[in-house]
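Colleague: This is the structure I want to talk about, given as structure tokens.
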Amino acid sequence: MQNSGRFRSFTSRDLDGLLQRRALSAEERLKLRAVAAVLPFRTNEYVVDELIDWSAVPDDPIFRLTFPQVGMLPESDVQEMADLLVDGAPAGRMQRAAHRIRMRLNPHPSGQLDANVPVHEGRRLEGLQHKYPETLLVFPRQGQTCHAYCTYCFRWPQFVGESELRIATDDMAATEGYLRAHPEITSVLITGGDPLVMSADVLRRYVEPLLRVESVRSVRIGTKSLAFWPYRFVSDRDADDLLRLFEEVVTAGKHLALMAHFTHPQELRTRAVLEAMRRVRDSGAVIRCQGPLVRGINDSAAVWAELWNETTRLGAIPYYQFVERDTGPQDYFGVPLARGYQIFRDAYAQVSGLARTVRGPVMSAMPGKVVVDGIAEVGGERVFVLHLIQARDPDLVNRPFFAVYDEGATWFTDLKPAFGGGEFLPGLPFP
Ligand SMILES: *Cc1c(COP(=O)(O)O)cnc(C)c1O
Ligand code: SF4
């Protein structure tokens with residue numbers, strides 16, 4: 001089906017109606033509504049009409065990517081919310097119950113956002129993050145939502161009003177001042193949410209100041225729009241203005257990278273996404289692809305090999321494969337590091353060198369980006385071999401270290417130094 005190209009989104013109010021496209025029982029629909037009363041739900045006409053294969057629901061990967069799953073919450077929580085829905089409980093009571101359940105889901109893992117807020121002329125610059133010397137993250141105030149929500153999103157608390165969007169900024173004067181004071185920053189990453197929910201005019205207010213700073217060599221935009229709303233680049237009212245802005249970045253002599261979040265090759269098959277990718281590439285921007293490994297959605301080597309082969313065919317560059325973070329429904333979507341590494345390796349072994357630009361599986365953890373390089377046997381001990389691709393402390397970058405092999409470990413904080421050591425590396429203690 002071809003979409004009209006006009007953006008129309010659906011929220012939890014529309015959920016029951018959408019689910020009727022597939023013969024789910026009233027009981028099943030109620031449980032999914034119960035989950036959506038706790039965790040964010042938003043999708044749109046393109047995802048529903050063009051990406052999801054309804055004949056494959058509930059197993060369809062894109063359905064699982066945007067629609068609630070009953071296993072995302074403990075059974076007793078689902079039952080509690082379902083009972084409230086059946087009783088027609090008042091909104092206040094629903095909210096209190098939902099809040100209590102959310103607080104048990106580790107909504108603010110490792111306090112990373114707070115730890116990396118830069119200080120300039122005595123003032124904390126909320127909405128910026130400066131964790132690695134050469135890269136600054138900017139969270140634009142109007143870009144903190146998405147065209148649809150991923151069920152596995154680690155920023156889920158902000159979409160249900162459980163975090164006071166302190167992490168967003170609209171102060172580009174201060175941002176420009178900070179960049180001028182820190183010429184070691186060569187790359188600025190505009191991220192969200194999805195910055196491309198903003199109009200081209202508003203995005204321009206964030207991008208233009210960056211072009212005036214000589215030391216900034218690359219501008220990156222983190223986005224899921226190619227997957228969730230490719231019409232953003234094709235037929236939205238300001239699609240051409242957006243592409244013109246991309247061209248201006250390139251003309252200003254900067255590298256412009258669209259850091260495109262793709263989860264499954266099914267997101268790369270519509271006419272709209274092919275057209276959108278062609279138009280973005282014609283602007284001179286480079287598309288780099290990243291996404292997490294998620295149980296029940298893309299946890300197979302065949303799926304990843306296809307994703308990397310297909311992005312490469314379309315002229316995009318595979319970048320990172322992420323490990324699911326320790327928040328929200330991670331118990332449901334998480335893949336143990338050992339299994340994740342196997343999937344990564346088996347997929348990597350199947351693709352041409354052009355697609356072996358991808359790094360993974362990567363954990364964006366407190367000390368930095370940790371990659372699982374392999375599982376090895378050293379002196380009779382089974383170990384994970386790891387290294388940091390990015391670290392707060394540049395001295396730690398690209399040095400191999402070892403952790404005790406643990407089949408069930410799902411995150412960096414589950415790991416312990418191998419060989420009876422007290423730290424992974426000098427200066428890298430275990431959490
Ligand atoms: C991933 C990441 C970056 C970018 O790192 P690159 O290796 O340059 O892609 C910057 N800041 C934070 C906090 C990140 O997680
Ligand atoms: S696009 Fe990114 S920020 Fe938005 S819901 Fe998905 S994972 Fe979260």
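The values are calculated or read from the model by the stated rules, or taken from the named source; none is laboratory data. As the structure is a prediction and not an experimental result, all values here were calculated from the model. Neighbour counts are summed over all protein chains in view; Cβ atoms, including those assigned to glycine, are modelled from backbone coordinates with ideal geometry. Areas reflect the complete protein model, heavy atoms only, side chains present, ligands, DNA and RNA absent. Shrake-Rupley method; radii C 1.70, N 1.55, O 1.52, S 1.80 Å.
Colleague: Of everything in region 20-58, what is part of a loop (DSSP other than H, G, I, E, B) and either open to solvent by 60 Å² or more (accessible area, probe 1.4 Å) or more than 17 Å from Arg102 (Cβ to Cβ) (or both)? Give them in sequence order.
Modeller: Gln20, Arg21, Arg22, Ala23, Leu24, Ser25, Ile52, Asp53, Val57, Pro58, listed by residue number.
Colleague: Has region 299-311 got at least one residue that is of a type in the set (S, T, N, Q), open to solvent by 60 Å² or more (accessible area, probe 1.4 Å) and away from ligand 1 (no atom under 16 Å from the Cβ)?
Modeller: Within region 299-311 (the criterion being of a type in the set (S, T, N, Q), open to solvent by 60 Å² or more (accessible area, probe 1.4 Å) and away from ligand 1 (no atom under 16 Å from the Cβ)), the answer is yes, since at least one residue qualifies.
Colleague: Then there's this: Output the number of the condition that Val351 fails; it satisfies all remaining conditions of (1) more than 22 Å from Ala316 (Cβ to Cβ); (2) surrounded by 14 or more Cβ atoms within 10 Å (Cβ to Cβ).
Modeller: Unmet condition: (1).
Colleague: So which pairs qualify, if the first residue must be in region 121-149 and touching a residue at least 60 places away in the same chain (Cβ under 8 Å) and more than 11 Å from ligand 2 (Cβ to nearest atom), the second must be outside any loop (DSSP other than H, G, I, E, B) and of a type in the set (Phe, Trp, Tyr), the Cβ gap must be under 8 Å, and the two must be at least 6 apart or on different chains?
Modeller: If the second residue must be outside any loop (DSSP other than H, G, I, E, B) and of a type in the set (Phe, Trp, Tyr), the pairs left are Val138/Tyr206; Pro140/Tyr206.
Colleague: Among the residues of region 303-329, what is the count of those that are in a strand (DSSP E or B) and farther than 30 Å from Arg102 by Cα?
Modeller: 3
Colleague: Among the residues that make up region 129-138, is at least one of them in contact with a helix residue (DSSP H, G or I) (Cβ under 8 Å, 6 or more places away or on another chain) and either of a type in the set (A, V, I, L, M, F, W, C) or modelled with pLDDT under 90 (or both)?
Modeller: Within region 129-138, one or more residues are in contact with a helix residue (DSSP H, G or I) (Cβ under 8 Å, 6 or more places away or on another chain) and either of a type in the set (A, V, I, L, M, F, W, C) or modelled with pLDDT under 90 (or both).
Colleague: List the number of the failed condition for Ser235; all other conditions in (1) open to solvent by 40 Å² or more (accessible area, probe 1.4 Å); (2) within 22 Å of Pro292 (Cβ to Cβ); (3) among the hydroxyl-bearing types (Ser, Thr, Tyr); (4) away from ligand 2 (no atom under 16 Å from the Cβ) hold.
Modeller: (2)
Colleague: If you don't mind, another one. For the subset of region 168-197 comprising residues that are open to solvent by 20 Å² or more (accessible area, probe 1.4 Å) and among the acidic types (Asp, Glu), which member is nearest to ligand 1 (Cβ to nearest atom)?
Modeller: Top of the filtered list is Glu184.
Colleague: Of all residues in region 255-270 being surrounded by fewer than 20 Cβ atoms within 10 Å (Cβ to Cβ) and within 21 Å of Leu293 (Cβ to Cβ), which is farthest from the chain's Cα centre (by Cα)?
Modeller: Filtering first and then ranking leaves Arg269.
Colleague: Another question about this same structure. Is it the case that some residue within region 390-403 is among the β-branched types (Val, Ile, Thr), crowded, with 16+ Cβ neighbours inside 10 Å and either at pLDDT 95 or above or closer than 30 Å to Asp331 by Cβ (or both)?
Modeller: There is no residue in region 390-403 that is among the β-branched types (Val, Ile, Thr), crowded, with 16+ Cβ neighbours inside 10 Å and either at pLDDT 95 or above or closer than 30 Å to Asp331 by Cβ (or both).
Colleague: Which of the helices (runs of 4 or more DSSP H) contained wholly in region 198-285 include at least 1 residues that are over 26 Å from Asp170 (Cα atoms) and not aliphatic (A, V, I, L, M)?
Modeller: 271-282
Colleague: If you go through region 85-98 one residue at a time, do you hit one that is polar (S, T, N, Q), in contact (Cβ under 8 Å) with a residue 24 or more places away in the chain and either part of a helix (DSSP H, G or I) or not assigned by TED's automatic domain parsing to the domain that holds Cys153 (or both)?
Modeller: First, pick out the residues of region 85-98 that are polar (S, T, N, Q): 95.
With in contact (Cβ under 8 Å) with a residue 24 or more places away in the chain added as a condition, the list becomes none.
No, that holds for no residue.
Colleague: Scan region 66-84 for residues that are part of a helix (DSSP H, G or I) and open to solvent by 20 Å² or more (accessible area, probe 1.4 Å) and jot them down.
Modeller: Val70, Gly71, Glu75, Ser76, Gln79, Glu80, Asp83
Colleague: From the list Thr263, Thr270, which one is within 16 Å of ligand 2 (Cβ to nearest atom) and in contact (Cβ under 8 Å) with a residue 60 or more places away in the chain?
Modeller: Values: Thr270 fails: within 16 Å of ligand 2 (Cβ to nearest atom).
The unique qualifying residue is Thr263.
Colleague: How many residues, within region 375-423, are within 24 Å of Glu134 (Cα to Cα), out of contact with any helix residue (DSSP H, G or I) (no Cβ under 8 Å at 6 or more places or on another chain) and not basic (Lys, Arg)?
Modeller: 14
Colleague: Hey, another quick one. Pick from His120, His130, His108: which is touching a strand residue (DSSP E or B) at 6+ places or on another chain (Cβ under 6 Å) and closer than 30 Å to Ala391 by Cα?
Modeller: His130
Colleague: Looking at region 206-227, which of its residues are within 16 Å of ligand 2 (Cβ to nearest atom) and in contact with a strand residue (DSSP E or B) (Cβ under 7 Å, 6 or more places away or on another chain)?
Modeller: Of everything in region 206-227, those that are within 16 Å of ligand 2 (Cβ to nearest atom) and in contact with a strand residue (DSSP E or B) (Cβ under 7 Å, 6 or more places away or on another chain) turn out to be Arg220, Ile221, Gly222, Thr223, Lys224, Leu226, Ala227.
Colleague: Follow-up question, since we're still on this one. Can you go through Val362, Val351 and tell me which one is under 30 Å from Gln129 (Cα atoms) and either not charged (D, E, K, R) or not in a helix (DSSP H, G or I) (or both)?
Modeller: Every option except Val362 fails the conditions.
Colleague: Taking region 359-372 only, how many residues are open to solvent by 60 Å² or more (accessible area, probe 1.4 Å) and either more than 16 Å from ligand 1 (Cβ to nearest atom) or among the basic types (Lys, Arg) (or both)?
Modeller: Going through region 359-372 one residue at a time, the tally reaches 1.
Colleague: Inside region 89-146, can you point out the residues that are of a type in the set (A, V, I, L, M, F, W, C), open to solvent by 50 Å² or more (accessible area, probe 1.4 Å) and under 14 Å from Leu179 (Cα atoms)?
Modeller: The one that is of a type in the set (A, V, I, L, M, F, W, C), open to solvent by 50 Å² or more (accessible area, probe 1.4 Å) and under 14 Å from Leu179 (Cα atoms): Val119.
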